[in-house]
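**Student:** The structure's right below; bear with me while I get my questions together.
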Amino acid sequence: MQFQQLQYFVAVAETRHFTRAAEVVHVAQPSLSQQIRSLERELGADLFLRARGNITLTDAGEALLPLARRILADADTARQEVHELAQLKSGRVRLGATPSLCTGLLPDVLRTFHDRYPGIRLMIEEGGSHDLVRELARGALDLALVVLPLPAPAPALTTVELLREDLVVVSSPDAPRPGRGRSVRISDLEAERLVMFRHGYDLRELTVAACRAEGFEPDFAVEGGEMDAVLGFVRAGLGVAVVPHMVATRVGADLRVTPLARPGLHRTIALAHRSDVAPPRAARELQRMLLEG
């Protein structure tokens, strides 16, 4: 069954005349008649009762007509939606990001994107890099902001480095200042109780690895939270936390921010997408804004 045959069938059903139907669809009348006969042979039933000057639908034709109209309407809707998407008037972008990036990097970029393309729906999924890589691989995300190096080899992904960010120590202004001056050494954290992120969180793994490299296991006052919870526990004076500088600058004056002494700790953020499938146009536009921003 061909789409064109359904167009011809609906035209005849609505005009009840083969010649007028051919004029409506801009085709020669013999060609239209031939396509209708071909459709009838494929369906195994006559669609019209043909009498001189009187074309009527058979029972099979009556059954097919609403279905054919629906198919043609859906096709027209699809064309319109694809056209609007091509013009970035509608559609969606599925973006994955670590919670710290949702707090620090994304708000300004997403506001600019939304102002420019208000018809594009933004769908954000928070997670650790391991989870985001898995979601990218199965096609559940168009783009993801991940921390390099990736937790496992991901040959099916293309990554572009976006930024390299310093990590800092945040503490409650009411608590004693961590470290011995204007900066904190990793070794100074042995004397601190840490508010620690949940398992699978990139910042947790980075902080714990740095402490172990200095020869000690970190002491957790609280563990298992997401970014907002960790910052809240620090405000309450439960301990200190190692967080991205971008997040620390957004939390306001209610937390003390202390840099880590050189060489410090850093993380590299990359924008990732599947290598075998080009992101949709709207996602490519957000990708461009992130890379240029």
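The values are calculated or read from the model by the stated rules, or taken from the named source; none is laboratory data. What you are looking at is a predicted structure, and each value in this text was computed from that prediction instead of being measured. Glycine also receives a Cβ, built like all others from the backbone with ideal geometry; neighbour counts cover every protein chain displayed. When the accessible area is computed, the model is the full protein with side chains, heavy atoms only, and any ligands, DNA or RNA have been set aside. Shrake-Rupley method; radii C 1.70, N 1.55, O 1.52, S 1.80 Å.
**Student:** Using Cα-Cα distances under 8 Å and only pairs 6 or more residues apart, what relative contact order does the chain have, in percent?
**Tutor:** Values: 459 pairs, mean separation 60.6, N = 293.
So the answer I get is 21 percent.
**Student:** Also, quick follow-up: Excluding ligands and nucleic acids, what accessible area in Å² is computed for Cys102 using a 1.4 Å probe, to the nearest 10?
**Tutor:** 30 Å²
**Student:** On to the next question. Quick check for me: using +1 on Lys/Arg Cβ and -1 on Asp/Glu Cβ, what's the dipole size of the range 164-216 about its Cα centre, in debye to the nearest 20? Mind dumping the intermediate values first?
**Tutor:** Working: 9 positive and 9 negative charges, 17 e Å.
The calculation lands at about 80 debye.
**Student:** A further question on this structure: Hey, can you grab everything whose amide H is under 5 Å from the amide H of Ser90? Only 5+ residues off in sequence or another chain; H modelled, so Pro and N-termini drop out.
**Tutor:** Answer set, sorted by chain and number: Leu85.
**Student:** If you take every residue apart from Asp228 with its C-beta less than 12 Å away from the C-beta of Asp228, what net charge results, scoring Lys and Arg +1 and Asp and Glu -1?
**Tutor:** Details: positive: Arg235, Arg250; negative: Glu126, Glu226.
That works out to 0.
**Student:** Name the most mobile residue of Phe216, Phe18, Phe113, meaning the one with the largest mean-square fluctuation, in a Gaussian network model of the chain with Cα contacts below 10 Å.
**Tutor:** Among Phe216, Phe18, Phe113, the largest mean-square fluctuation in the Gaussian network model of the chain belongs to Phe18.
**Student:** If you line up the Cα atoms of the range 1-141 on their principal axes, what length do they span on each, largest first, in Å?
**Tutor:** Principal-axis extents of the range 1-141 (Cα, largest first): 75, 30, 21 Å.
**Student:** Would you calculate, for the chain, the mean residue ellipticity at 222 nm contributed by helices, counting each DSSP H stretch of 4 or more residues as -39,500 (n - 2.57) and dividing by all residues, to the nearest 500? Numbers along the way, then the final one.
**Tutor:** Numbers: 11 runs with 127 residues, N = 293.
Here the helix-only value at 222 nm equals -13500 deg cm²/dmol.
**Student:** List, in order, the whole-Hz ³J(HN,Hα) value for each residue of the range 270-287 obtained from phi through the Karplus relation with A = 6.51, B = -1.76, C = 1.60 and θ = phi - 60°; use x for Gly and Pro.
**Tutor:** With the stated coefficients, the range 270-287 comes to 10, 9, 10, 8, 5, 6, 8, 9, 6, x, x, 4, 4, 5, 5, 5, 5, 4 Hz.
**Student:** Which value, in debye to the nearest 20, gives the size of the charge dipole of the range 1-103 about its Cα centre, when Lys and Arg are +1 and Asp and Glu are -1 at the Cβ?
**Tutor:** Details: 12 positive and 11 negative charges, 30 e Å.
About 140 debye.
**Student:** In terms of the Cα gyration tensor, with a ≥ b ≥ c the square roots of its eigenvalues, is the range 171-226 rounded because a/c is under 1.5, prolate because a/b exceeds b/c, or oblate?
**Tutor:** Details: a/c = 2.08, a/b = 1.28, b/c = 1.63.
Judged from the Cα gyration tensor, the range 171-226 comes out oblate (a/c at least 1.5, b/c at or above a/b).
**Student:** Could you give the angle, 0 to 90 degrees to the nearest 10, between helix 29-43's Cα long axis and the longest principal axis of the Cα atoms of the chain?
**Tutor:** Result, in degrees: 70.
**Student:** For Glu125, which sequence-distant residues (separation of 5 or more, or a different chain) have an amide H within less than 5 Å of its own amide H, given hydrogens modelled in the peptide plane?
**Tutor:** Counting only residues 5 or more places away or on other chains, the set is Leu95, Gly96, Ala97.
**Student:** In a Debye calculation with equal point scatterers on the alpha-carbon sites of the range 140-270 and no solvent, what is log10 I(q)/I(0) at q = 0.16, 0.17 Å⁻¹?
**Tutor:** Each listed q corresponds, in turn, to -0.80, -0.89.
**Student:** Here is a follow-up. Over the C-alpha atoms of the chain, what are the Rg and the largest Cα-to-Cα span, Dmax, in Å?
**Tutor:** 30.7, 103
**Student:** Where does helix 106-116 land angle-wise versus the long Cα axis of the chain, in degrees 0 to 90, nearest 10?
**Tutor:** 30 degrees
**Student:** Using θ = phi - 60° and the Karplus relation 6.51 cos²θ - 1.76 cosθ + 1.60, list the HN-Hα couplings for the range 5-13 in order, rounded to whole Hz, with x at every Gly or Pro.
**Tutor:** 4, 5, 4, 5, 4, 5, 4, 5, 4
**Student:** Cα gyration tensor of the range 33-76, axes a ≥ b ≥ c as square roots of the eigenvalues: rounded (a/c below 1.5), prolate (a/b > b/c) or oblate?
**Tutor:** On the way: a/c = 1.90, a/b = 1.59, b/c = 1.20.
Prolate.
**Student:** Using the Cα centre as the reference, give the magnitude of the dipole from point charges on the C-beta atoms of the chain (Lys, Arg: +1; Asp, Glu: -1; all else neutral), rounded to the nearest 20 debye. If you can, show how the numbers build up before the last one.
**Tutor:** On the way: 35 positive and 37 negative charges, 129 e Å.
It works out to roughly 620 debye.
**Student:** Would you mind classifying the range 1-57 by shape? Square roots of the alpha carbon gyration tensor eigenvalues, ordered a ≥ b ≥ c; an a/c under 1.5 is rounded, otherwise it is prolate if a/b is larger than b/c and oblate if not.
**Tutor:** Values: a/c = 1.71, a/b = 1.09, b/c = 1.58.
Note, shape of the range 1-57 comes out oblate.
**Student:** Report the Rg/Rh value for the range 236-293, based on alpha-carbon coordinates and the Kirkwood definition of Rh.
**Tutor:** Values: Rg = 17.3 Å, Rh = 15.1 Å.
When Rh is taken as the Kirkwood radius, the ratio is 1.15.
**Student:** Which part of the range 46-65 falls in the paramagnetic zone of Ile71, meaning amide N under 14 Å from the point 7 Å along Cα-to-beta-carbon?
**Tutor:** 47, 61-65
**Student:** Ok, one more. Before I look further, what does the chain give for accessible area per residue, probe 1.4 Å, in whole square angstrom?
**Tutor:** Working: 15470 Å² over 293 residues.
Roughly 53 Å² per residue, with all protein chains present.
**Student:** What order do Leu136, Leu85 take when sorted by accessible area (1.4 Å probe), most exposed first? Working shown, then result.
**Tutor:** Values: Leu136 0, Leu85 60 Å².
Ranked list, largest accessible area first: Leu85, Leu136.
**Student:** Name the long-range amide H neighbours of Val184: under 5 Å, sequence gap of 5 or more, or other chain; modelled H, no Pro or chain starts.
**Tutor:** Leu260, Ala261
**Student:** Give a residue-ordered list of calculated ³J(HN,Hα) values for the range 231-245 (Karplus: 6.51 cos²θ - 1.76 cosθ + 1.60, θ = phi - 60°; whole Hz; x for Gly, Pro).
**Tutor:** 5, x, 5, 5, 4, 6, x, 6, x, 10, 9, 9, 9, x, 4
**Student:** Quick one: check the C-alpha center-to-center distance for the range 242-264 versus the range 210-236, whole angstrom.
**Tutor:** After rounding, the separation between the Cα centres reads 14 Å.
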